[in-house]
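Here is the structure we will look at, set down as structure tokens.
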Amino acid sequence: MASVVPRKNKAGKITSYQVKWRDGGSKTGDWQTERFDDEPSATVFKEAVDEAGQNWPPGWVKGKGYIDPETADELRYRFDRWAVESVKNRTAGERYKKQRIRSMEMYLFPTFGNCDIRSTDHFSKATIGAWINKMMKTKVKRGSKVKDMSPETLRGLHSLFSSVLKEAVVAEPPLRDRNPCDLTRLPSNDDWGIDDEQSSDDMEYMTPDEIAGLVDCFPRPEDRMLVRMTYGTGMRWGEVIALARRHARNTQDGKYEARVTRAWKSNPGEPWFLGPPKTKAGRRTIEFTAGLWQELLNYGLADLGKDDLIFHNGNGNRLPYSTFYERWLAAVAEAKKRGVLPEWKFPTFHDLRHSHVAALLSDNHSLTYVQRRLGHESIKTTSDRYGHLLETAHTAALVTIDRVMGFTSPDGVAPPENGRGRDEGRGVYVAHVGSQLLGFWRPEHAEETAERWARERGGAVRVEKWSADWWVRSTGDRVGEDNGLTTVRSEVPHRAWIWSLGPAVYTADGTDCVGLRVHEPSGRWVWDWEDDYTDEPAHSSTQWRPGAAAETEARAWGPDEEAVRAAYATARTDALRICSLHPDRAATPGREAVT
């Protein structure tokens, strides 16, 4: 906050008043001052500085005052003012508005708060791109740890940012010609990279065995019951901890259900309260098993009053997530130490809900059934989030079922187990990814590969356990050192981020017939069994395609973007040279090829 400081002469008499503040309100901002002869004028100016966010008021020139008094009205076009009014005027709940304003105060206003919403210099593809890069390096607190901002958080901020600028485009009269957020590309999850303490996947599915092993790692019985109840019903955190005794019911013989009618809610700066579930469809009844009902009875369900919370903080009140989260992390760490949870999995509590869905879909329950059980408002939400699991029948669950029920070949015939002298008795875990069959010695490597492929590429994936003999037969029944077992992998396949340019296609006279878009690099993860995989800096290809069009194609690819650009330039030059040798070139004398 700005302050008014009286200035005195040597005799102690006040001769002037100085308004003093730090630029932008930052503790490290430069000190700014302005002098006034009287206190009322200084006070008015101080209030203007406060209103401007500890900045010089718009239109004010140091030592001279307002050059044009009307420019003070321009304050309403400053981004922070415009954005706050934009959110406040939306037809949404107060909780939504407070959360969005808080997000803007934390991540948008420090960069764009003092910018003019109308300015194409302040808001452009370049400035927003720079902000995105800055956010990718921003640290945020998750529980007790400080980590890089997640891709999901950045996508949400970018969407909020875009919605504010869009309102400036459609304002009457319009304040902007276009929304520059539409011109920026948000990085994919893989652009963040990954460290040893976080997962690159949005969802982390756990097998039934992993859930059971994790539950055993909780020393408190109430925590074990909470995890089991959540996995058995697929409820959200706020829903399951809002369950009272009256919501868990045995309505008739053999029928047990949980009635979801409420969830814990919060508004920034206000106490927690019980409100409706996340969506209208969230008010639902979830049936569960007799075994889970018996666990609840053993836990002491029958001894509770009808309005008592089943899961609470020990005093009958709301269980804070932050309190439970530390115990969750400790249990996950212990599960990995015991070997019941793979090192590469980093599940959150919400992943119990995802794992619940995986178990349902692996047993061929429909998306519609899953939608209703989860309380999704739209089947599209369920399909977008879990549709890829329908055909895959979740790989991890299938491996568990294979182990319990036995396994079959793709044709339904039990594979022979004689081994024929090749790793007799040893199984191969086969991942079906697209049209590719990949063999692994360890099931977790097959699972991880299949899951990552499904996230990145979609399509059908599954994991099966074959005998070593059956794998050899599927790869041509080779013998000797080059038998099929030499292709079985002992680790997850390698991937590389590959940049691609092209293909540029030139006609016989050197005309580029594709357009400028192919001359911008694009990147994606490529697996080591795919054609474009390479650990060389760059590769290029120039190829003449005979036929009526007689076109020449040039492209380049590799993990080093600058090397790929250079290789692409060389490939295009070679393509134009090939075009110059075509006999039809003589028919268009004087025409120059444009590179």
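The values are calculated or read from the model by the stated rules, or taken from the named source; none is laboratory data. Just so you know, these numbers come straight off a predicted model, no measurement behind them. Positions of Cβ are backbone-derived with ideal geometry, glycine not excepted, and every protein chain shown enters the neighbour counts. Just the protein is used for accessible areas: all its heavy atoms, side chains included, with ligands, DNA and RNA removed. Shrake-Rupley method; radii C 1.70, N 1.55, O 1.52, S 1.80 Å.
Can you go through LYS134, LYS141 and tell me which one is assigned to a strand (DSSP E or B) and either open to solvent by 20 Å² or more (accessible area, probe 1.4 Å) or β-branched (Val, Ile, Thr) (or both)?
Values: LYS134 fails: assigned to a strand (DSSP E or B).
Of LYS134, LYS141, the one residue that is assigned to a strand (DSSP E or B) and either open to solvent by 20 Å² or more (accessible area, probe 1.4 Å) or β-branched (Val, Ile, Thr) (or both) is LYS141.
Of all residue pairs spaced 6 or more apart or on separate chains, those with beta-carbon atoms under 8 Å, a first member in the stretch 194-213 that is open to solvent by 40 Å² or more (accessible area, probe 1.4 Å) and modelled with pLDDT under 75 and a second member that is assigned to a loop (DSSP other than H, G, I, E, B) and not aromatic (Phe, Trp, Tyr) are ILE194/SER200. Looking across the stretch 549-566, the residues that are hydrophobic (A, V, I, L, M, F, W, C) and buried (at least 23 other Cβ atoms within 10 Å of the Cβ) come down to ALA554, ALA556, TRP557, VAL564.
Within the stretch 1-36, count every residue that is more than 30 Å from GLU105 (Cα to Cα) and out of contact with any Ser or Thr (no Cβ under 6 Å at 6 or more places or on another chain).
The first filter runs over the stretch 1-36 and keeps only residues more than 30 Å from GLU105 (Cα to Cα), leaving 6-17, 35-36.
Retained after the next criterion (residues that are out of contact with any Ser or Thr (no Cβ under 6 Å at 6 or more places or on another chain)): 6, 8, 10-17, 36.
Of the residues in that region, 11 qualify.
As an exercise: evaluate PHE45 against (1) part of a strand (DSSP E or B); (2) open to solvent by less than 50 Å² (accessible area, probe 1.4 Å); (3) not small (Gly, Ala, Ser) and give the number of the one condition it does not meet. All conditions pass for PHE45, except number (1). From the list PHE311, PHE324, the one residue that fits, being touching a helix residue (DSSP H, G or I) at 6+ places or on another chain (Cβ under 6 Å), among the hydrophobic types (A, V, I, L, M, F, W, C) and over 25 Å from VAL463 (Cα atoms), is PHE311.
Residue-wise test of (1) surrounded by fewer than 17 Cβ atoms within 10 Å (Cβ to Cβ); (2) part of a strand (DSSP E or B); (3) under 27 Å from the mean Cα position of the chain (by Cα).
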| site | (1), (2), (3) |
| --- | --- |
| GLU239 | no, no, yes |
| ALA242 | no, no, no |
| ASN250 | yes, yes, no |
| ALA258 | no, yes, no |
| TRP264 | no, yes, yes |
| LYS278 | yes, no, yes |
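Evaluating ARG318 against the criteria (1) out of contact with any strand residue (DSSP E or B) (no Cβ under 8 Å at 6 or more places or on another chain); (2) crowded, with 18+ Cβ neighbours inside 10 Å; (3) part of a loop (DSSP other than H, G, I, E, B); (4) not acidic (Asp, Glu) leaves one unmet condition, (1). Residue-level check: of (1) more than 17 Å from ASP209 (Cα to Cα); (2) in contact (Cβ under 8 Å) with a residue 24 or more places away in the chain; (3) in a loop (DSSP other than H, G, I, E, B), PHE346 misses just (1). It is to be established whether one or more residues within the stretch 400-420 are surrounded by 14 or more Cβ atoms within 10 Å (Cβ to Cβ), at pLDDT 80 or above and either at positive phi or over 27 Å from the mean Cα position of the chain (by Cα) (or both). The answer is no, given that none of the residues of the stretch 400-420 is surrounded by 14 or more Cβ atoms within 10 Å (Cβ to Cβ), at pLDDT 80 or above and either at positive phi or over 27 Å from the mean Cα position of the chain (by Cα) (or both).
Restricting the stretch 112-131 to residues that are polar (S, T, N, Q) and open to solvent by less than 50 Å² (accessible area, probe 1.4 Å), the residue that is farthest from ARG185 (Cα to Cα) is SER119.
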